[in-house]
């Protein structure tokens, strides 16, 4: 390899290393915690024991806690009931223990501890933790759509999308009805088509893609109800759950032009996504190899032209 190409390859490798390092730093430069709406979060902030004051704040908001004054009196009562800050001193180590109960979406953000010594901020002892609050899709709404012949009809279901991947399910007479499409997020909406019978009540609901909502709780929306049917999916405690198999549908096959295969839910990583970093690294390595091969090809063509001129 020519000295020029060798230098080019070395510089490109250094550039890739810098890009990967910055990508890792941007994602993992301080701790992160991921919780689901309604859960409890516990964040621990170490600080120097010789500090004269420490404060806690969310992002660029005014501090909601000071070690000299406690929780800010300007906090709404509902916030005071959900927040608890405990000062822990153990074997020469000091920390603030922040607990947030019944997490709300507005609780998401970067929580910052500032340590002070005689009124001056100790910059090296500023501690940050990013709290992510995930939430499932909203309640499903379904309308009757395409008639598939016989007793079968397609319902078009939508729900407000959440940060947690979701799906929509329907039940009839205790039977799980087959989805005709995978759940699809379009903008802020989650949508899915499901096959049901026209002659029976249907109860539909949204849920996380990673779990199945109990059938008796699946009551976001109901279809085909009349005076002879209850508006609850489980009017009789003795009902048992069975699964409806799509292969039963044979006459006037309503599954034409629809996909009945459900995708396997992805393993969603949100804290310091090293998998993304590995993919990025692989991409840049492939790009580096391509540029190297291209440079060798150009050098070969150049040498061939020189040879032909001779």
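Anything in segment 87-97 that is assigned to a strand (DSSP E or B) and loosely packed, with under 10 Cβ neighbours inside 10 Å? List them, or say none.
Residues satisfying the conditions are 89, 90.
Among the residues of segment 47-78 satisfying the criterion of being exposed (fewer than 15 other Cβ atoms within 10 Å of the Cβ) and not in a loop (DSSP other than H, G, I, E, B), which is farthest from the chain's Cα centre (by Cα)?
70
Here is a yes/no grid of residues against (1) touching a residue at least 60 places away in the same chain (Cβ under 8 Å); (2) exposed (fewer than 13 other Cβ atoms within 10 Å of the Cβ); (3) assigned to a loop (DSSP other than H, G, I, E, B):
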position: 85; (1), (2), (3): no, no, no
position: 99; (1), (2), (3): no, no, no
position: 106; (1), (2), (3): no, yes, no
position: 113; (1), (2), (3): yes, no, no
position: 130; (1), (2), (3): yes, no, no
position: 146; (1), (2), (3): no, no, no
position: 154; (1), (2), (3): yes, no, no
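Tell me whether segment 264-275 contains one or more residues that are at pLDDT below 90, surrounded by 11 or more Cβ atoms within 10 Å (Cβ to Cβ) and within 19 Å of residue 156 (Cβ to Cβ).
no
Can you name every residue in segment 21-43 that is in a strand (DSSP E or B), out of contact with any helix residue (DSSP H, G or I) (no Cβ under 8 Å at 6 or more places or on another chain) and either surrounded by 15 or more Cβ atoms within 10 Å (Cβ to Cβ) or modelled with pLDDT under 60 (or both)?
32, 33, 34, 35, 36, 43
For segment 71-88, check the following and say yes or no: at least one residue is touching a strand residue (DSSP E or B) at 6+ places or on another chain (Cβ under 6 Å), within 26 Å of residue 166 (Cα to Cα) and not assigned by TED's automatic domain parsing to the domain that holds residue 209.
no
Of all residues in segment 156-166 being assigned to a strand (DSSP E or B) and touching a strand residue (DSSP E or B) at 6+ places or on another chain (Cβ under 6 Å), which is farthest from residue 209 (Cα to Cα)?
Looking at residues that are assigned to a strand (DSSP E or B) and touching a strand residue (DSSP E or B) at 6+ places or on another chain (Cβ under 6 Å), I get 156.
Go through (1) crowded, with 19+ Cβ neighbours inside 10 Å; (2) in contact (Cβ under 8 Å) with a residue 60 or more places away in the chain; (3) not in a loop (DSSP other than H, G, I, E, B) and name the single condition residue 137 misses.
Every listed condition holds for residue 137 apart from (3).
Restricting the search to segment 200-220, which residues are crowded, with 19+ Cβ neighbours inside 10 Å and outside any strand (DSSP E or B)?
Residues satisfying the conditions are 201, 209, 215, 218, 220.
With the requirement that a residue be at positive phi and not assigned by TED's automatic domain parsing to the domain that holds residue 163, what does segment 104-150 give you?
109, 118, 119
Tell me which residues, restricted to segment 175-186, are outside any strand (DSSP E or B) and in contact with a strand residue (DSSP E or B) (Cβ under 6 Å, 6 or more places away or on another chain).
Residues satisfying the conditions are 177, 178, 180, 181, 183.
The values are calculated or read from the model by the stated rules, or taken from the named source; none is laboratory data. What you are looking at is a predicted structure, and each value in this text was computed from that prediction instead of being measured. Quick reminder, even Gly has a Cβ in these numbers, built from the backbone with ideal geometry, and neighbours come from all protein chains shown.
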